Number of protein chains: 4
Amino acid sequence: MASRSGQPAASRRRLEAEERKGEILDAAFEEFSLRGYAGARLEDVAVRAGVAKGLPHFYFKRKSDLFCAVLRRIIIPTWTDLAESATASDAPTREVLSSTLREMYRRLAANKKAQEVMRLLIAEGPRFPELVELYYHEVLKRKIAIWTQIVKRGIQRGEFRETPLVKHAQIIHGPVFMAAIWQALWGKNHGLDLDAWIESHLDLVLHGLERKGGRTKR
Amino acid sequence: MASRSGQPAASRRRLEAEERKGEILDAAFEEFSLRGYAGARLEDVAVRAGVAKGLPHFYFKRKSDLFCAVLRRIIIPTWTDLAESATASDAPTREVLSSTLREMYRRLAANKKAQEVMRLLIAEGPRFPELVELYYHEVLKRKIAIWTQIVKRGIQRGEFRETPLVKHAQIIHGPVFMAAIWQALWGKNHGLDLDAWIESHLDLVLHGLERKGGRTKR
Amino acid sequence: MASRSGQPAASRRRLEAEERKGEILDAAFEEFSLRGYAGARLEDVAVRAGVAKGLPHFYFKRKSDLFCAVLRRIIIPTWTDLAESATASDAPTREVLSSTLREMYRRLAANKKAQEVMRLLIAEGPRFPELVELYYHEVLKRKIAIWTQIVKRGIQRGEFRETPLVKHAQIIHGPVFMAAIWQALWGKNHGLDLDAWIESHLDLVLHGLERKGGRTKR
Amino acid sequence: MASRSGQPAASRRRLEAEERKGEILDAAFEEFSLRGYAGARLEDVAVRAGVAKGLPHFYFKRKSDLFCAVLRRIIIPTWTDLAESATASDAPTREVLSSTLREMYRRLAANKKAQEVMRLLIAEGPRFPELVELYYHEVLKRKIAIWTQIVKRGIQRGEFRETPLVKHAQIIHGPVFMAAIWQALWGKNHGLDLDAWIESHLDLVLHGLERKGGRTKR
DNA sequence: TATGAATGAGGTTTCATTCAT
DNA sequence: AATGAATGAAACCTCATTCAT
């Protein structure tokens, strides 16, 4: 703990408090995920975090505040680094699209935590509109931008055909989302062969976007 | 009421009881949809159904039984008539696919009730595994069968190219599912232009499946 | 059914009604004995009696009425025939006492139903004072009279010594009562050897009452 | 409160908590005694103890736990000190027996609380077998041992005659038990003259046990 | 008489929240 | 900062009782 004792006491204490808060948020996520918002008990959160029953209320005045903080903390770092400029490289667009799609699957359909966030959001969204808005601005808008950008790039470079899809490029994302929910609900009894699924998805999308016949002409 | 008075009294009463049960199920669906499983109060269900507080318990021993009955009643009649033999006609497969997809959107993405069932299932699935299984057997399996059948038909008739998608034909369904959840959560503030969305989706899928080069007709 | 159809219809119906009532009382006794007054459910009584839920209320306006009727019906015929004049014979008093005591054991300590009545009375007595009074007048007073009579007879005939027991002759009954409760509570795990118990009891009482030294005279 | 302030705060708080628990147990005993197990309301217990409705549940997860704790707390200290070695002295056995019997009456037949414990045990025993067993091991076995010991001592010292009673010495206890229940149920309207009762009982037992003929000493 | 659907008071239990320490 | 006893609103559930048929 040399690094700690080297800091001024107040700052160190604040750091420890921040850690404690993080432990409570972690524990709360587990409980909410396991039992849903209403079903989760604050006492269980405290026990799981290894603190006394009253402490969660010290950091988060209400249960609803805790819930929002939990989701907020996971949503933002998970998705804000979505590179909207995958187009920076000079690679063929089909490859940009492929790698982007694989990354999406990796983050959502193959990530239990992200699935649980989605589940909680879908479940409690109507009672937590600010979280729904948050997700829209932090995640959905970014995803739409990415897919739109990729499709446009393909068209501009003559790699993809003209298509109304530029207006709703997030349609490409649909199967990713479906796979994520599928895994969360039916993964245990009727799990997906995710790799094969991804290849099929790519096969459909790339054939659906590519310019027909005129490969040579252009 | 002529039809009623023609029946023996006991039978008529049983009929009325069945109606009452239905009203309770309707009311319960509204409450569960509004507040989630744990948040819904049985007394509110009773009030909404216009019956006394104790009656829901008379028909359904536990809250969980009521919840299951509610979902079961909606899931089964909504989806069991999924025509798996859309292939009966002699129409071009692209048209079969188009009309099937539009029907899917009509039933799910444009149907508030179906969206709420999905939301409740996603939210409470982990606590009601039997409902999850029910949905799998009554809905998912049927949808997979339909999409697989259509894709195969297209390939067999030389209209679609060979594609790994036959193994995961439900990928086609992904955007339908995403649109449904989208409408349920963001419909109010960031509603979709569903018609344009559908056309884009069809555009992608049909191009993604059609046979290249062999377009002599066109 | 010849005997029945030979009666006027109204009377026959009343008889059937009386039988039904009896079946309800029997069923109610079982339930009260099994679960106590508050714990017994009227619906279970109805089911056990093979009638509809509402019928017990037709015969007995309140649950408490049913309870009283149940106990009353058992207490009275079980104990009212207590022969207070076992003294009619000319047998030695020690034999009168012996046979009376044995009869008491037979009726109480060896009779599950009588034990249950006692248990219910002890349990609910404070809330049903009229039953407690009934038991006093129908049972206790009679028993006191019997024991007093026997002891007095023994003294008068010079068989028993003078003893203050004539004032509280029911003391003789104490071990009978204790054996009954013992059987009801501990009979299953720590059952009594009732025959040996009775002999010991008789041994104590007869020696306790007999005239000392003067054995020879008689 | 000097003794308290001398302790660390946490320990003092724990001590107070223990007191509060005791107050709840006291209040619960009153309510159970007054209304029976099922009839007692936890809220009334709380009011009687002067605490909030939820506190009894904080200390005792279920009503049944509270009930068991109540009885356990009374049974054990009331009876575990039963001196099984009343034989230590050199007094004549008839005096040992007399004083022991009087003590039994004092503790049971003249003690309202002990009577209520017996009543509750008899009433609810079938639903709380562990309490019944507890009573057997903590009380009955001890009482049997005491009476057996006394009778044996009398025989060994030539004061009592040989008698089968050594096998069921608790028969001596019967009238004590009967008197206790009598007082609990009929004490109000038909109360016993307990002192006279005790003398009669002693008179019967001592004459019943004493050696015949050998009265020379006296 | 007899049925069983319907009522609603009332109980146990849970648990977010408060607060003295 | 942290603890955990204490509070009390509210929910589920039970069941005696009523009543239309």
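No value in this document is a laboratory result; all are computed from the given coordinates. Note that the structure is predicted; figures quoted are calculated from it, not measured. Glycine gets a Cβ as well: all are built from the backbone with ideal geometry, and neighbour counts include every protein chain shown.
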Next item on the list: Provide D:GLU124, D:GLU210 in ascending order of the number of other Cβ atoms located within 10 Å of each residue's Cβ, fewest first.
Entry: D:GLU210, D:GLU124
Checklist line | Relative contact order of chain B, pairs being alpha-carbon contacts under 8 Å that are 6 or more residues apart, as % | finding: 19 percent
Next item on the list: Mind giving me the FRET efficiency for A:GLU23 and C:LYS53? R0 is 60 Å, r the Cβ-Cβ distance, nearest 0.05 is fine.
Entry: 0.65
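I need the trypsin sites (Lys or Arg not before Pro) found in the stretch B:131-160, filtered to DSSP loop residues with at most 13 other beta carbons within 10 Å of theirs.
Taking the stretch B:131-160 and a limit of 13 other Cβ atoms within 10 Å, the loop trypsin sites (Lys or Arg not before Pro) found are B:ARG157.
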Note to self: Using a Cα-Cα cut-off of under 15 Å, which aspartates and glutamates could be cross-linked to B:LYS152, ignoring same-chain neighbours fewer than 8 residues away?
What the structure shows: B:GLU84, B:ASP90, B:GLU95, B:GLU162, B:GLU210
Check: Of B:THR93, C:THR80, how do they rank once you tally other Cβ atoms within 10 Å and put the fewest first?
Finding: C:THR80, B:THR93
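Using Cα pairs under 8 angstrom and six or more residues apart, how large is the relative contact order of the stretch D:9-72, in percent?
Computed value for the stretch D:9-72: 33 percent relative contact order.
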Next item on the list: List the distances, in nm to one decimal, from the label point of D:LYS112 to the label points of the same position in every other copy, shortest first, placing each label point 7 Å from Cα along the Cα-to-Cβ direction.
Entry: 3.8, 6.1, 6.5
Item checked: Given C:LYS188/D:LYS143; B:LYS63/C:LYS21; A:LYS141/B:LYS112; C:LYS167/D:LYS112; A:LYS63/B:LYS63, the pairs whose alpha carbons are separated by over 31 Å -> B:LYS63/C:LYS21
Check: Just counting partner chain Cβ atoms within 10 Å, what average do the residues of peptide B:16-29 show around their Cβ?
Finding: 0
Note to self: 7 Å along Cα→Cβ for the label point: how many nanometres lie between B:HIS137 and each equivalent label in the other copies, listed shortest first?
What the structure shows: 4.7, 4.9, 6.6
Next item on the list: Note the distances from A:ARG153 to each other copy's matching label point, with points 7 Å along the Cα-to-beta-carbon direction, in nm, sorted shortest first.
Entry: 3.9, 10.2, 11.6
Check: How do B:SER89, C:SER98 rank when sorted from fewest to most other Cβ atoms within 10 Å of their own Cβ?
Finding: B:SER89, C:SER98
